[in-house]
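Contents: one structure, followed by commentary.
The values are calculated or read from the model by the stated rules, or taken from the named source; none is laboratory data. This structure is a prediction, so every number in the text was calculated from the model and none was measured. With ideal geometry, Cβ positions are generated from the backbone for all residues, glycine too; neighbour counts draw on all protein chains shown.
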Amino acid sequence: MRKMIIATCLVALTLTGSAIAQQQGATAPPAVTIKRTPLQKFDVPDTKYETIIGIAEITSNVNIGRHTHPGIESGFVLDGEMVLMVEGQPPLTLKAGDSYKIPHEAIHDARSGDKGAKLVATYVVEKGKPLASPAP
């Protein structure tokens, strides 16, 4: 009987907590749209730049968000499809086997297709700066 009362109290507290969170407008944390896996990082000799090579995996049917890099980005699509939107350029549809380049500090975004997209990305960026920064 004692175990049953404790279990009932725990269920009641859980339900009450959920109801309060819903009333306060609690939302789930935002979904991660891109996963970056660094593969290699090395300095560009006699410069203030470094090269970062990695795999980027974008979930299906999402925009990754407008952002910039403190240098240039180039890449190769391994799987899936995406539309690359670089400010001042027409949208570029990319599929497996295609490559791209993004100029220094260009504001850009990407929208993945139904299967998402997986690519190898290479960044040549200023040392000590964040790899990506949100753009307005």
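Taking the listed residues P29, P45, the one that is at pLDDT 95 or above, loosely packed, with under 11 Cβ neighbours inside 10 Å and more than 20 Å from I102 (Cα to Cα) is P45, with no other qualifying. Per the listing I102, I34, the residue uniquely modelled with pLDDT under 95, on the phi < 0 side of the Ramachandran plot, under 18 Å from the mean Cα position of the chain (by Cα) and surrounded by 13 or more Cβ atoms within 10 Å (Cβ to Cβ) is I34.
From the list S60, S74, S112, pick out the single residue that is under 20 Å from A135 (Cα atoms), hydroxyl-bearing (S, T, Y) and in contact with a Gly (Cβ under 8 Å, 6 or more places away or on another chain).
Being under 20 Å from A135 (Cα atoms), hydroxyl-bearing (S, T, Y) and in contact with a Gly (Cβ under 8 Å, 6 or more places away or on another chain) holds for just one of S60, S74, S112, which is S112.
Does I55 qualify as being at pLDDT below 95 and within 18 Å of the chain's Cα centre (by Cα)? Spelling it out, it is not the case that I55 is at pLDDT below 95 and within 18 Å of the chain's Cα centre (by Cα). The set of residues in the stretch 105-136 that are within 22 Å of L39 (Cα to Cα), under 15 Å from the mean Cα position of the chain (by Cα) and in a loop (DSSP other than H, G, I, E, B) comprises P130, L131, A132. Do we find a residue being in contact (Cβ under 8 Å) with a residue 24 or more places away in the chain and under 13 Å from S74 (Cα atoms) anywhere in the stretch 110-120? Within the stretch 110-120 (the criterion being in contact (Cβ under 8 Å) with a residue 24 or more places away in the chain and under 13 Å from S74 (Cα atoms)), the answer is yes, since at least one residue qualifies.
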